[in-house]
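Data first, discussion second: the structure below is written as structure tokens.
The values are calculated or read from the model by the stated rules, or taken from the named source; none is laboratory data. Because the structure is a prediction, the values reported are computed rather than measured. Neighbour counts run over all protein chains shown; Cβ positions are idealised from the backbone, glycine included. For the accessible areas, the whole protein counts, side chains as well, though only heavy atoms, and no ligand, DNA or RNA atoms are used. Shrake-Rupley method; radii C 1.70, N 1.55, O 1.52, S 1.80 Å.
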Amino acid sequence: MQAKRPGFMKNTARAASGGVIVIAAFLALMLFRGTGTGDGDAEAPGTPDTSPGETLASTETPATTPLAPPAESDSTGGLTPDEQKALSGKVLGVLIDEHSYLLEVPSDDKAVFKPISLERLTELAKRAEGDSNGIKVRVLRRESARMGATFKLQEALASVKIGEDALYIPAEFVP
């Protein structure tokens with residue numbers, strides 16, 4: 001007589017389909033891991049392999065008042081000393097923390113971030129020279145940064161003719 005092996009075939013099919021289900025669940029988990037709801041707390045896909053460098057060593061913000069637009073003067077062009085330092089490089093550095101904007105002011109050992117209004121930020125961005133790639137504004141984000149704040153910044157810069165091609169927004173978050 002010929003012996004049947006239905007148990008062996010059934011067990012193999014069950015194991016294979018179980019494995020496929022586990023792999024599909026894992027891939028779905030990995031795909032939807034960073035997505036959120038509301039203001040959009042999701043990470044941006046595709047990160048360039050760049051590191052922010054030593055200028056991000058200190059992202060602590062001192063308890064100061066936001067930079068106010070100064071009275072116009074001919075020698076400085078209406079800029080505060082901090083704004084002059086921020087524009088001394090070719091690219092203007094901005095940090096988004098929740099819904100707040102912080103201006104990167106380079107110093108001797110570490111960068112310092114000072115609060116600034118969106119309107120003043122757009123005025124400074126217009127004055128930025130830009131690097132050899134045409135980047136005028138580098139936008140850094142903390143993990144608490146809201147996508148709505150990023151979109152508001154992009155819209156404000158677009159209104160003064162600074163497009164997305166002049167922005168550099170790394171996908172990595174800064175501490």
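Got a sec to turn the phi values of the range 163-175 into Karplus ³J(HN,Hα) couplings, 6.51 cos²θ - 1.76 cosθ + 1.60 with θ = phi - 60°, whole Hz, x for Gly and Pro?
Whole-Hz 3J(HN,Hα) from phi for the range 163-175: x, 5, 6, 9, 10, 10, 10, x, 6, 6, 9, 9, x.
Among the listed pairs LYS110/LYS152; LYS85/LYS152; LYS85/LYS136; LYS85/LYS114, which are separated by more than 18 Å between their Cα atoms? Before the final figure, lay out the partial values.
Working: LYS110/LYS152 28 Å; LYS85/LYS152 25 Å; LYS85/LYS136 15 Å; LYS85/LYS114 12 Å.
Table pairs above 18 Å Cα-Cα are LYS110/LYS152; LYS85/LYS152.
Which far-off residues, 5 or more places away or on another chain, put their amide H under 5 Å from the one on LEU92, with H placed in the peptide plane?
Close amide H contacts, sequence-distant or interchain: VAL137, ARG138.
Need one number: nm distance between label points at ALA28 and GLU119, each 7 Å from Cα along Cα→Cβ, rounded to one decimal.
5.0 nm
From the backbone phi of the range 79-96, what are the Karplus-calculated ³J(HN,Hα) couplings (6.51 cos²θ - 1.76 cosθ + 1.60, θ = phi - 60°) in whole Hz, Gly and Pro given as x?
Result, ordered by residue: 9, 6, x, 5, 5, 5, 5, 5, 8, 5, x, 8, 10, 7, x, 10, 10, 9 Hz.
Give me the number: length gained by fully extending ALA156 to GLU129, i.e. 0.36 nm times residue separation minus the C-alpha to C-alpha distance, one decimal in nm.
Working: separation 27, 0.36 × 27 = 9.72 nm, distance 1.79 nm.
Length gained between ALA156 and GLU129: 7.9 nm.
Sort the following peptides by mean Cβ neighbour count (other Cβ atoms within 10 Å, averaged over residues), highest first: 122-129, 158-165, 14-21.
Working: 122-129: 16.2, 158-165: 11.5, 14-21: 10.0.
The most tightly packed comes first, giving 122-129, 158-165, 14-21.
What are the residues whose amide H is under 5 Å from the amide H of TYR101, where those residues sit 5 or more places off or on another chain and H is modelled from the backbone?
ILE116
Ignoring ligands, DNA and RNA, please state the percent of accessible area on the range 89-168 from carbon and sulfur, probe 1.4 Å. Before the final figure, lay out each step's value.
Numbers: 1800 of 3950 Å².
Result for the range 89-168: 46 percent of the exposed heavy-atom area is carbon or sulfur.
So what are the ³J(HN,Hα) numbers for the range 106-118, from phi and the Karplus equation (6.51, -1.76, 1.60; θ = phi - 60°), rounded to whole Hz, Gly and Pro as x?
Working through the residues one at a time gives x, 9, 5, 9, 9, 7, 10, 10, 10, x, 8, 7, 5 Hz.
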